[in-house]
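Have a look at the structure below before the remarks.
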Amino acid sequence: MKELYTELAKSGITPNGFYILWCIYYKEKPYLQKINLELRSLVASGYLHEDYVVTVKGISLLAIGDNQVMTAPAVNSIDDNCDKFLNIFPKGKLPSGKTARVNKKNIEESFKWFFNNYTYDWDTILRATFYYIDTYEKANYMYMKNSQYFIRKQNTDKSWDSELANYCEIIINGEDEDTSPHFTDNVV
């Protein structure tokens, strides 16, 4: 937690300001009196837009806080969600020879990167993962990425891609709800 408070001090944000930012982002009601001064400070510092929507800078600060909280023993939300995420992937090896499920510590590190770059919630992430696995299951997992590469994979030019982010967009846009008829019988 010390790192979080150090980061807040460097950012010029009070713990109450961070709490208000967190409440706005997660759509919770703050249990503080007289929050107007903190709101003005968050807007002036670039963590909130004028209409009190969290900026990318604000999301980055929240991600630092979430990463600090993730290591606290009392909080196991990330731990539980990583377990749910990994359990969606099949056990064993993929046709590529790689294991489908990667070590949980590697998954947690990949999600730290993911949440620093994207704002999808766990419900969307888990639905997108299920949709991804379901799509590749029909082809016996041929060319499917393992759990870690699904979250992020480094390209040859050292940039990063996230197939998970692409599938989250599919879920958000409702493209996973295919209503066209599928034929399963061969027509000769």
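The values are calculated or read from the model by the stated rules, or taken from the named source; none is laboratory data. Keep in mind the model is a prediction, meaning the values are calculated, not measured. Cβ coordinates were reconstructed from backbone atoms using ideal geometry, including for glycine residues, and neighbour counts include every protein chain displayed.
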Inset, instruction - State which residue is farthest from Ile24 (Cα to Cα) when the search covers only the range 91-107 and only residues that are surrounded by fewer than 16 Cβ atoms within 10 Å (Cβ to Cβ) and not small (Gly, Ala, Ser). - result: Pro95
Inset, instruction - Give me a count of the residues in the range 134-165 that are touching a helix residue (DSSP H, G or I) at 6+ places or on another chain (Cβ under 8 Å) and either under 19 Å from Ser110 (Cβ atoms) or aliphatic (A, V, I, L, M) (or both). - result: 15
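Do we have Thr129 as in a helix (DSSP H, G or I), at pLDDT below 90 and either surrounded by 13 or more Cβ atoms within 10 Å (Cβ to Cβ) or touching a helix residue (DSSP H, G or I) at 6+ places or on another chain (Cβ under 7 Å) (or both) here? Step through it out loud before you land on a result.
Values: in a helix (DSSP H, G or I): yes; at pLDDT below 90: no; either surrounded by 13 or more Cβ atoms within 10 Å (Cβ to Cβ) or touching a helix residue (DSSP H, G or I) at 6+ places or on another chain (Cβ under 7 Å) (or both): yes.
Taking the combined requirement at face value, the residue does not satisfy it.
Take Gly17 and tell me if it is surrounded by 11 or more Cβ atoms within 10 Å (Cβ to Cβ) and farther than 19 Å from Asn116 by Cβ. Lay out the reasoning, then the answer.
Numbers: surrounded by 11 or more Cβ atoms within 10 Å (Cβ to Cβ): yes; farther than 19 Å from Asn116 by Cβ: yes.
Yes: the conditions hold for Gly17.
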Inset, instruction - Within the range 37-67, track down each residue that is modelled with pLDDT of 85 or more and outside any loop (DSSP other than H, G, I, E, B). - result: Leu37, Glu38, Leu39, Arg40, Ser41, Leu42, Val43, Ala44, Leu48
Inset, instruction - Exactly one condition in (1) more than 29 Å from Gly58 (Cβ to Cβ); (2) surrounded by 12 or more Cβ atoms within 10 Å (Cβ to Cβ) is not met by Asn140; state its number. - result: (2)
Inset, instruction - Enumerate the pairs (first residue in the range 137-151 and in the same structural domain as Phe111 (by TED's automatic domain parsing) and at pLDDT 90 or above; second residue anywhere and assigned to a loop (DSSP other than H, G, I, E, B) and of a type in the set (D, E, K, R)) with beta-carbon separation below 8 Å, excluding pairs fewer than 6 apart on the same chain, so at least 6 apart or on different chains. - result: Asn146/Lys98; Asn146/Arg101; Ser147/Arg101
Inset, instruction - State which residue is modelled with the highest pLDDT when the search covers only the range 1-36 and only residues that are farther than 18 Å from Ala63 by Cβ and outside any loop (DSSP other than H, G, I, E, B). - result: Asn16
Inset, instruction - Return the residue satisfying two criteria in turn: it lies in the range 139-162 and is of a type in the set (S, T, N, Q) and within 24 Å of Asn87 (Cβ to Cβ), and of such residues it is farthest from the chain's Cα centre (by Cα). - result: Asn140
